[in-house]
Structures are given as C-alpha cells and as structure tokens.
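Each remark here refers to the structure printed beneath this line.
The values are calculated or read from the model by the stated rules, or taken from the named source; none is laboratory data. Because the structure is a prediction, the values reported are computed rather than measured. Positions of Cβ are generated from backbone atoms using ideal geometry, with glycine treated the same way; all protein chains shown enter the neighbour counts.
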Amino acid sequence: MSDFKELDPLLHSQLRLAVISLLVSVKEAEFTFLRDKTGATAGNLSAQLQKLKEANYIDIVKQFKDNYPQTMCKITKKGVEAFEEYVRNLREYLDVKK
Amino acid sequence: MEEKNLTQSESLQLIEKMITRAREDEKDSGSGWIIWGWLLFLASILHYLMILIDIRKSQLVWVIFGVISLLLVAFSIFRKWKNGGRSKVRTYTGELVNKIGLAFFVSLLCLVVGNFTTGVNKTGENFGYLLVLYGFWMYIHAAAFRFQLLKYGAFINWAGALVIFIWHEELGKNILLVHAACVALGYLIPGHVAQRNYLHQNKQ
C-alpha cells in the first residue's frame, strides 16, 4: 500500500488549480482578472469557481460598483490550507520519484 | 485553458506559472516618480538660480511647490478612491506600499513644517533630512516591486544627505545642486526606466 496521500481531486484539475494558485498570491481578484490570467472561457471559469465555492475554498462576492457588475473572488482559510496540503503532497511525490 | 489530467510535475509548473502571472500586475508605472521628481528637480534649480541672481524671497519657490504637490496628492487620492472599486485585483504588496506611501507623505509634511518652525531651512541642512526620507521610501518601494535601480537611487539619496550634513557650511547654496542631482538620479532616471518597462510590458 502506498504511503502517499491522495492529491485533493478538487485541486487536481488544471483550471481550478490555476485559479487557487492565482488567488493564493493576491488579496482578492475580479472574475475578469482570473479569466485573463488563466485564458479560460467565462462559462468554464464560472462553473469551476462554483465548485471551489461549494467546497468553501473561495468566497465570491457579487456587487455593483458605479453601475458596473463586479464579481470578486477571495481564497478562504480552508482554501489556503487545502492548497498548502496539495503542494506538500505534490513535493513528497516528486522527491521520491527523483 | 483546456481541462486535462495533470501529472504531478505539470501541476507544480502550473502553480509556479500562475503565481508569476499574478505578480505581473505588481509593476510600477513610474509616473509618480517622474511627476514628483521633475517638480522637486525644477524647484531646486529655480531656487538656486534665484539665489544666484539675488532675487529676494526665493524660498517662495518651495511654497508654490508645496501647494502644487498637495493638489496632486489630493487628485491622486481622489482618482484612486474613484477607481478603487473597479480595480481588477488587490494585492498584499500593493496595499502595504500604499500605506507606507501615506506614511511617507505625512512624515514629509511634518519635516517641512519642522524645517520652517525650527529655522533649519535657513542653513540648508533641511535638504539632508528630506533626502534621508526620500531614500527610505525608495528603498522600501524598490524591495516591494523588485526594482533594483530604485535601490541605487536610495543609496545615492542617503549619500547626498551625508554630504549635506558634513559639508553644509562649505556647500552653501550648492546644497540645492546636490539635492537636484540626488533627485535626478534617484527619482527621474528610475522613474523613466520604470515607465518605459511598464509601457513595453503593456504593449505585449
């Protein structure tokens, strides 16, 4: 039986991992910032953000600023812990593989 | 971005790439350094020329400079407040630098008031204190935005301050030239380089 912990399936997806990596580096970011940086389509990004929100990995705040709709995303404490755990497991795996 | 199964090393590469991309927006446009630098530089040179041709009340240059600076700071705060709600991203570095920037201007204001009330402005030593403060702000900003040229600017300003403190009597009115040189090397050159890099990056 393997000693390796299984990688969090919620983070082990290209777009969700990209989003969490971006959000861990900033305080909060708008939907369009995430879309531009990941190069994802709005629909796909929206679906993946919803999954991260349901897991309480991110907070999403929808608001209006000067009559413009604005969707702000922010990583939660649980999201940071999940990300750190994911990176730790990833490193363990890669270290043994070398 | 396509959805696909990631290998462990691809995951690590993706994390690194995204963290780097998130930091791409933490670039200084250089405009603040350029505006502030030219104002300070011109005020120093103008004051020097006014002393040279023996114009009375030459210190009025700094009063005008102060009024223009306060108006620009007020305008900048207003613009940030107006656009703040629509900014695409808020970074921890950006917020910290803004707060240190505010602390810089409050400290500067205290120093300027102190210069006049204590009379230290009559000997020219006050420019040394100002250079110390400029150097402090440049060094913090350079470290936050990983901008090496500005770090050299900080050292030049601190060196200029020491020159003024040690040789202020010998320097006399030339203190203004030392001040102008430090501003040109510390603010203007890094400011124009930062602006060129910023525009170049935005074109890509």
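Quick notes on this one:
- Residue within region B:42-56 that is aliphatic (A, V, I, L, M) and closer than 30 Å to A:PHE83 by Cα present: no
- Residue that is farthest from B:ALA194 (Cα to Cα) [pool: residues in region B:1-19 that are more than 7 Å from chain A (Cβ to nearest Cβ) and assigned to a helix (DSSP H, G or I)]: B:GLU10
- When the criteria are applied in full, A:PHE33 meets the requirement of being farther than 18 Å from A:LEU11 by Cβ and in contact with a helix residue (DSSP H, G or I) (Cβ under 9 Å, 6 or more places away or on another chain).
- Residue check for B:ALA159: farther than 20 Å from B:ALA43 by Cα and surrounded by fewer than 23 Cβ atoms within 10 Å (Cβ to Cβ): yes
- The residue of region A:56-98 that is farthest from B:THR91 (Cα to Cα), among those that are part of a loop (DSSP other than H, G, I, E, B) and under 16 Å from the mean Cα position of the chain (by Cα), is A:ASN56.
- Verdict on B:GLY160 being within 24 Å of B:TRP62 (Cβ to Cβ), at pLDDT 95 or above and of a type outside the set (Asp, Glu): yes
- Of all residues in region B:91-100, none are buried (at least 18 other Cβ atoms within 10 Å of the Cβ) and either more than 30 Å from A:TYR68 (Cα to Cα) or more than 14 Å from chain A (Cβ to nearest Cβ) (or both).
- Criterion (in contact with a Leu (Cβ under 7 Å, 6 or more places away or on another chain) and at pLDDT 95 or above) met by exactly one of B:LEU133, B:LEU111: B:LEU133
Matching residues to (1) away from chain B (no Cβ under 11 Å); (2) at positive phi; (3) not aromatic (Phe, Trp, Tyr):
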position	(1), (2), (3)
A:LEU10	yes, no, yes
A:GLN14	no, no, yes
A:SER25	no, no, yes
A:PHE31	no, no, no
A:ASP36	no, no, yes
A:ALA40	no, no, yes
A:GLN70	no, no, yes
A:VAL80	yes, no, yes
A:LEU90	no, no, yes
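- Odd one out for B:ILE35 among (1) away from chain A (no Cβ under 14 Å); (2) closer than 30 Å to A:LEU22 by Cα: (2)
- Region B:20-32 residues that are more than 30 Å from B:ILE68 (Cβ to Cβ) and facing chain A (nearest Cβ under 9 Å), paired with ones that are of a type in the set (Lys, Arg) and surrounded by 17 or more Cβ atoms within 10 Å (Cβ to Cβ) (beta carbon under 6 Å, 6 or more apart): B:ARG21/A:LYS37
- Condition met for A:LYS77 (farther than 18 Å from B:ASP25 by Cβ and out of contact with any Pro (no Cβ under 8 Å at 6 or more places or on another chain)): yes
- Scanning region A:47-68 for residues that are loosely packed, with under 15 Cβ neighbours inside 10 Å, more than 13 Å from every other protein chain (Cβ to nearest Cβ) and either touching a Gly at 6+ places or on another chain (Cβ under 7 Å) or more than 16 Å from A:LEU10 (Cβ to Cβ) (or both) yields one hit, A:LYS62.
So that you can scan it fast, the table gives a plain yes or no per residue for (1) touching a residue at least 60 places away in the same chain (Cβ under 8 Å); (2) of a type in the set (S, T, N, Q); (3) on the phi < 0 side of the Ramachandran plot:
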| residue | (1), (2), (3) |
| --- | --- |
| B:ILE64 | no, no, yes |
| B:LEU71 | no, no, yes |
| B:ILE77 | no, no, yes |
| B:VAL89 | yes, no, yes |
| B:THR118 | no, yes, yes |
| B:ASN126 | no, yes, yes |
| B:LEU131 | no, no, yes |
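- One residue stands out among those in region A:1-54 that are polar (S, T, N, Q) and farther than 24 Å from A:GLU92 by Cα: the one that is nearest to the chain's Cα centre (by Cα), which is A:GLN48.
- Of all the criteria given as (1) away from every other protein chain (no Cβ under 12 Å); (2) over 30 Å from B:LYS82 (Cβ atoms); (3) surrounded by fewer than 17 Cβ atoms within 10 Å (Cβ to Cβ), the one not satisfied by A:LEU94 is (1).
- Subset of region B:43-56 that is free of Cβ contacts under 8 Å to residues at least 12 places away in the same chain and surrounded by fewer than 16 Cβ atoms within 10 Å (Cβ to Cβ) - its residue that is nearest to the other protein chains (Cβ to nearest Cβ): B:LEU49
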